[in-house]
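Shown next, in structure tokens, is the structure this report addresses.
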Amino acid sequence: MEGKNKQNQRKRPLTGSFRADGEPLDLVEYEKAGGYEALRKALKSMAPKDVQEEVKASNLRGRGGAGFPTGQKWSFVPTGEDAPRPRYVVANADEMEPGTFKDRILMENSPHMLIEGMALAAYAIGAEHAYIFLRGEYVRSARALEMALAQARQKNYLGQNVLGSDFFSLEMHIHMSAGRYMCGEETGLLNSLEGKRAMPRTKPPYPQVSGFMGKPTVVNNVETLCNVPHIIRNGAAWFKSLSLGQDGGTKIYGASGRVKRPGAWELPLGTTIREILEGHAGGMRDGYRFRGLMPGGASTEFLVEEHLDLPMDFDSLQKAGSRMGTGTMIIMDDRTCPVGMQISLQSFFARESCGWCTPCREGLPWIVHTLNAIEDGQGEMEDIDLLLEQARLLAPGHTFCALAPGAAEPLLSGVRYFREDFERHVREKRCPWGEG
Amino acid sequence: MLNEQEMAEVEKELAHCENRKTGCIGALKAVQRHRGWISDECLKDMALYLEMTPDELDDVATFYSSIYRRPVGRHVISICDSVSCYTVGYRELLRHISERLQIGPGQTTGDGRFTLLPAACLGVCEKAPAIMIDEDVHGGLEPPGKVDEILDRYK
């Protein structure tokens, strides 16, 4: 049994040690599963630069949606004697991308893993403060993390002179957010952490140079950080071997919608969409037919039947005109009206727009009005092209941050793949699904 | 005026903050836990306490969706209307709750027991459709009648 557990933990490093009852691993259990060995190893035998290099060599790419190489992100932080201090590490735990629930699972089940990952990131960039930016609804995650933080402080994995070292101290705190999608955008997050509205900031300067309170700051997603202890403990080569493609590691994939078994599973990065959808989610529920999916949250482009054999990795999905995003897919079935679903998506983005830039603030409500007209049977054929024109005006380069381009992705692809359904609304002057 | 307990909880929120202003979101949430919502008077008192102008604090208070600048009922029901719940019974659930409580989104029941608010994805999409009542998440509410017994628990 012990041997099998070990094997499981090597194949599924993020979730293999979870308790069966869904309660969070406490410190003793986490240590028994190899927890904090990586932090010990790093402080004993690795320079901060070595930790950065190992993460770079592992090909770990950010799991929050953008897929930026993590080691490279860290390397932009200025180091050296006269580099600015203090520096900060922030875990982006504001999981608000619709359809996404993977970070919650990690924090609820293994809070120490996030803490150890953050401690290693802090060591790698020379940070002395760390914040977990947690969405307010994640009350169970907050409880698990509070317990783990207290235990970690007591055992000196955090605090002054971590593990007796005379060169590394780290304070870590939780910031409970008050709810706004914009907080997930890393510069919006930093403004929110400073007690302001979560408006995006101009880039450059990037947070690594001028972030929280104007000091060097690294913001990483929860799943990204949770991978770090395993990379340091088992090495970059091992981490790369977990994946089926070029990028390293496993991925927590998920599926929601009318599938038989909605849920999340840690699988090799590059597992095909079909294996996740049919093998793990059990395929469609009886009486429902598959029509399409958004591979990684509400801001990723729809994919359809012909894409099902694609590997779920960053490059394959980009080539297919979509993005892996958060890797938690939303399934569209044949009994859901594609226009109605689009209204749900665009209403979300319109409501969550911070209002800072005009195309997003004015364009998204306009899109919602147009969609509502089509859904209510009052649309005209030109309205469909008007939607495409609006989406074009929200593309990257037209707006201040990625929120509106993220809204345009499901709109453009939704019209592309389901145009006939939009046209039927106009021709029949009603919603063929009986909605609206 | 903030009472002693409120002040103590605000100070706890501010303890690890860079300055009083950076802690204002946590402070608003702490006071709201006692009062249910943030009134104009409360906002002015808090601004003074946090060394901010009332406008500065209102700028923040009106931005975040779980800070309430209008009165709410004893319990707040946040119903997820995002895409995963939308495809799995959100509309039926909203209709059911609205009919049962005789309120639509943004409204409070006559007896002040519930306020119903639309919410962005609650992050429990594997248990769609889902709602949150105060700090408790309830998922898998299909058929929507399942919610009746849950609502009964909140007095």
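The values are calculated or read from the model by the stated rules, or taken from the named source; none is laboratory data. Note that the structure is a prediction, hence the values are computed from the model and not measured. Glycine also receives a Cβ, built like all others from the backbone with ideal geometry; neighbour counts cover every protein chain displayed. Protein only, heavy atoms only, side chains kept; ligands, DNA and RNA dropped before computing areas. Shrake-Rupley method; radii C 1.70, N 1.55, O 1.52, S 1.80 Å.
A few notes on this one:
- Of the residues B:LEU116, B:HIS96, B:CYS24, the one whose Cα sits farthest toward the positive end of the charge dipole of chain B, with +1 on the Cβ of Lys and Arg and -1 on the Cβ of Asp and Glu, is B:HIS96.
- Its alpha carbons considered, region A:94-143 gives a radius of gyration followed by a Dmax of 12.0, 35 Å.
- Label-to-label distance for B:GLU18 and A:THR202 is 1.9 nm, based on points extended 7 Å past Cα in the beta-carbon direction.
- For chain A, the share of DSSP beta bridges that are antiparallel, to the nearest 5, is 45%.
- For the pair A:HIS398 and B:ASN3, label points projected 7 Å from Cα toward Cβ lie 5.3 nm apart.
- Kirkwood Rh in Å, taken over all unlike Cα pairs in region A:332-436: 13.5 Å
- Chain A: DSSP helices with Cα axial extent of at least 27 Å and average Kyte-Doolittle hydropathy no lower than -1.0: A:403-428
- Of all DSSP-defined beta bridges confined to region B:75-152, some 55% are antiparallel rather than parallel.
- For the residue pairs B:LYS12/B:LYS44; A:LYS11/B:LYS12; A:LYS6/A:LYS155, the C-alpha atoms sit more than 31 angstrom apart in A:LYS11/B:LYS12.
- Centre separation in Å (Cα based) which lies between region B:44-75 and region A:221-245: 42 Å
- Rg over Rh for the protein assembly as shown works out to 0.96, using Cα positions for both radii and the Kirkwood form for Rh.
- Approximate shape of region B:4-63 as ellipsoid semi-axes (Cα gyration tensor, √5λ), whole Å, largest first: 15, 14, 10
- Computed E for B:GLU92/A:GLU53 - FRET, C-beta separation, R0 45 angstrom, nearest 0.05: 0.25
- Listed residues A:SER45, A:SER110, A:SER322, most fluctuating in chain A (Gaussian network, C-alpha, under 10 Å): A:SER45
- Taking every alpha-carbon pair under 8 Å whose residues sit at least 6 apart, chain A reaches a relative contact order of 15 percent.
- B:HIS34 contributes about 80 Å² of solvent-accessible surface, heavy atoms of the protein only, 1.4 Å probe.
- Helix-only mean residue ellipticity at 222 nm for chain B, each DSSP H run of n ≥ 4 adding -39500 (n - 2.57), per residue, nearest 500: -11500 deg cm²/dmol
- A:ALA150 versus B:GLU135: modelled label distance in nm, points set 7 Å from Cα along the beta carbon direction: 1.3 nm
- Region A:44-146 - percent relative contact order, Cα under 8 Å, separation 6 or more: 32 percent
- Given +1 at the Cβ of Lys and Arg, -1 at the Cβ of Asp and Glu and no other charges, the dipole of the protein assembly as shown around its Cα centre is 1140 debye to the nearest 20.
- Cα-based Rg of region A:7-97 normalised by 2.2 N^0.38 Å, two decimals: 1.32
- Percentage of interatomic Cα-Cα distances in region B:75-152 larger than 22 Å: 11 percent
- Length-normalised contact order of region A:250-333 in % [C-alpha pairs under 8 Å, at least 6 apart]: 37 percent
- Each chain gives up part of its surface: A and B jointly bury about 3600 Å² of accessible area, both sides summed, for a 1.4 Å probe.
- About its Cα centre, region A:216-321 has a charge dipole of approximately 300 debye under the convention of +1 per Lys or Arg Cβ and -1 per Asp or Glu Cβ, with nothing else charged.
- With R₀ fixed at 22 Å, the C-beta to C-beta distance from B:LEU48 to A:MET213 puts the FRET efficiency at about 0.40.
- Mean ellipticity per residue at 222 nm, deg cm²/dmol - from DSSP H runs of n ≥ 4 across chain A, formula -39500 (n - 2.57): -13000 deg cm²/dmol
- Whole-Å distance, taken between Cα centres, linking region B:86-151 and region A:361-428: 28 Å
- Carbon/sulfur fraction of accessible area - the protein assembly as shown, other protein chains in place, 1.4 Å, %: 50 percent
- Solvent-accessible area per residue for the protein assembly as shown (1.4 angstrom probe, square angstrom): 39 Å²
- When only alpha carbons are used to place a centre, region A:15-70 and region A:255-281 end up 24 Å from one another.
- Within chain A, longest stretch clear of exposed GluC sites (Glu not before Pro) (DSSP loop, no more than 15 other Cβ within 10 Å): A:129-379
- Per residue, the Cα convex hull of region A:250-333 amounts to 68 Å³.
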